[in-house]
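Visitor: First the structure, which I've put down as C-alpha cells, then a few questions once you've had a look.
The values are calculated or read from the model by the stated rules, or taken from the named source; none is laboratory data. Since the model is a prediction, treat every value here as computed from it, not as a measurement. Don't worry about glycine lacking a Cβ; one is built from the backbone with ideal geometry, like all the others, and counts go over all protein chains shown. When the accessible area is computed, the model is the full protein with side chains, heavy atoms only, and any ligands, DNA or RNA have been set aside. Shrake-Rupley method; radii C 1.70, N 1.55, O 1.52, S 1.80 Å.
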Amino acid sequence: MTMSTRTLGTTGPQVSALGLGCMGMSGMYGDSDRAESIATIHAALEAGVTLLDTGDFYGMGHNELLISEALRTAPAALRDNALVSVKFGALRGPDGAWFGFDGRPDAVKSFAAYSRQRLGLDHIDIYRPSRLDPAVPIEETVGAVAELVEQGYVRHIGLSEVGAETIRRAAATAPIADLQIEYALISRGPEREILPTLRELGIAVTAYGVLSRGLISGHFTSGRKLAANDFRAYSPRFQGDNYRHNLTMVESLRKIAEQKGATVAQIAIAWVLSRGEDIVPLIGARTRVRLTESLGALDVTLDAADLAAIESAVPADAAAGTRYDARQMAMLDSER
C-alpha cells in the first residue's frame, strides 16, 4: 500500500487519499477501547493518513480529547503532518440527547475556542458547521468561520450535509474547501445535484459512511445483535426486512470481491475512490485490524467492467430504508 494524496478543492489543503473518521472511537457504535483507539490513530499516521476527522459533539468533547492524546504521544514527524477537521454546532444534553444546531456567529467562535483547547492545537485545519441551522443564514455562519480564518484560528472552511443552493450561498461568502457528506454505494444521492454543483465551484468532497456504518463492510450477518448504546440499532437500514434486503446486496458484492482477491470493504471503499480525484473517503476504523483492511483498498484497481459489475450488484437507490431516522432526516439540508 502506497498512500497517494488528493487536494480539497481549489483552495484547500493537500491530504491523504483516505482520511480517518474518528467518531466511532467515542461511543457512537457502542463501547470502544481507548488504548486501541489511540493505537489505531498512530497506525493511520504511520501509514501516511494525514486527515483526521472529528466533531466537537462526538462524546461531548471526548473525541477531541482522544485525538489530542493521540497526537501528543505520536512521533513529532507524524504529528506535524496531521490535519484535523472539526464539525461544530450540534447541541446535546447531559443525557446525550440531541436537540438541534447552533450556527450563530458568537456560538461559532465559542465552539472553536473550546475545540482548540480540547485538541491542544493553535489552529483547526478545517472547520465546518455539522448541519445547517435553519434559524441562521448560512452567510452568517460561514462569515464567522471566515473571521476565524483571518485571525489565524482556522485554516480552511468546510461544509457538511447541505444542498446545492446552500453550497452556492456559502461559496459566495468565503472560499470553501470541501463538503462532508455521506456517499457510498448505497448512498448515492449527492450524484444528482450536489456533486455537479461542487465540481462547478471547485469544492471537494470528504465522503463519510463509505461502508454505510459497517452495513456493506462484509462483516455483518443477519443474526448480529447491536448494543443498546449503538445508534445503528435504531437506524432504518439496520431494521427487519430492510436489513435482510441490504445484506443480500452485500453478498452479491462479496462475489465480485472474491474474484478480485479483495474484501467486500475494500471493494466498497475502492468504488468511492474511483468516483473522482476530488473525493476523499473517510474510513471509520476503530481498530488496527479494520484500519489495515480499509487501507488495502488503495491497492484495488477497478476497471470499467469491475465498476459495471459493482453497480449492477448494488444499483443506485436500491438500499432499503433511509440513512437516518425521520427526525434526523428532516435536519438534512442535503436531502431537501
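Visitor: Counting only GluC sites (Glu not before Pro) that sit in a DSSP loop (anything but H, G, I, E, B) with at most 15 other Cβ atoms within 10 Å, what is the longest stretch of the chain containing none of them? Each step should come with its number before you reach the end.
Guide: Values: sites that count: 193, 277.
Between the exposed loop sites, the longest stretch runs 1-192.
Visitor: Let's test this: bin the Cα-Cα distances of the chain at 20 Å from zero up to the farthest pair and state each bin's percent.
Guide: All Cα pairs, binned at 20 Å, distribute as 33, 62, 6 percent.
Visitor: Among the lysines, select those whose C-alpha is under 28 Å from the C-alpha of residue 225, and discard any that sit fewer than 8 residues away in the same chain.
Guide: Correct list for residue 225: 255.
Visitor: While we're looking at this one, here's another question. So which trypsin sites (Lys or Arg not before Pro) in region 160-203 pass both tests, a DSSP loop state and at most 16 other Cβ atoms within 10 Å of the Cβ? Don't skip to the end; give the middle numbers.
Guide: Numbers: sites: 168, 169, 188, 192, 199; in loops: 188, 192.
Sites meeting the loop and neighbour criteria: 192.
Visitor: Taking the Cα atoms of region 187-336 alone, what are Rg (to one decimal) and Dmax (as a whole number) in Å?
Guide: My reading of the Cα-based Rg and Dmax gives 15.5, 45 Å.
Visitor: Nearest 20 debye, what's the magnitude of the dipole of the chain about its Cα centre given +1 on Lys and Arg Cβ and -1 on Asp and Glu Cβ?
Guide: Numbers: 34 positive and 41 negative charges, 124 e Å.
So the dipole magnitude of the chain works out to roughly 600 debye.
Visitor: Hey, which aspartates and glutamates would be in cross-link range of residue 109, C-alpha to C-alpha under 17 Å, not counting anything within fewer than 8 residues on its own chain?
Guide: Residue 109 reaches 56, 64, 122, 125, 133, 139, 140, 147, 150.
Visitor: Right, here's the next one. Determine the equivalent ellipsoid of region 252-336 by diagonalising the alpha-carbon gyration tensor, then write out the semi-axes as square roots of 5 times the eigenvalues, largest first, rounded to whole Å.
Guide: On the way: eigenvalues 123, 60, 35 Å².
In descending order the semi-axes read 25, 17, 13 Å.
Visitor: Keeping the other protein chains in place, figure out the carbon and sulfur percent of the accessible area of the chain, with a 1.4 Å probe.
Guide: Summing carbon and sulfur atoms, their accessible area is 51 percent of the total for the chain.
Visitor: For the chain, report the accessible area per residue in Å² (1.4 Å probe, heavy atoms, rounded to an integer).
Guide: Values: 13810 Å² over 336 residues.
About 41 Å² of surface per residue is accessible.
Visitor: Whose amide H sits under 5 Å from the amide H of residue 206, counting only residues 5 or more places off or on another chain, with H placed in the peptide plane?
Guide: 179, 180, 181, 280
Visitor: Please compute the volume of the convex hull spanned by the alpha-carbon atoms of region 14-158 and report it per residue in Å³.
Guide: Numbers: hull volume 16.0 nm³, N = 145.
About 110 Å³ per residue, rounded to a whole number.
Visitor: Can you tell me the order of 16-22, 74-80 when each peptide is scored by its average per-residue count of other Cβ atoms within 10 angstrom, highest first?
Guide: Details: 16-22: 26.0, 74-80: 12.3.
For the peptides 16-22, 74-80, the packing ranking is 16-22, 74-80.
Visitor: Pull up all non-local amide H partners of residue 156: gap of 5 or more, or a different chain, and H-to-H distance under 5 Å with H placed in the peptide plane.
Guide: Counting only residues 5 or more places away or on other chains, the set is 126, 127.
Visitor: Can you give me the distance in nm between label points at residue 199 and residue 229, each placed 7 Å from the Cα along the Cα-to-Cβ direction?
Guide: Distance between the two pseudo-spin positions: 4.3 nm.
Visitor: Pick out which of 287, 11, 221 has the largest mean-square fluctuation in a Gaussian network model of the chain, springs linking Cα atoms closer than 10 Å.
Guide: It is 221.
Visitor: I've got another one for you. Want the number for residue 219 to residue 5: 0.36 nm per residue separation, take away the alpha-carbon distance, what's left? The partial results should precede the final answer.
Guide: On the way: separation 214, 0.36 × 214 = 77.04 nm, distance 2.80 nm.
In short, 74.2 nm is gained.
Visitor: Using amide H atoms built 1.01 Å from N in the peptide plane, name the residues 5+ places from residue 83, or on other chains, whose amide H lies under 5 Å from its own.
Guide: Here the answer is 51, 52, since their amide H atoms fall under 5 Å of that of residue 83.
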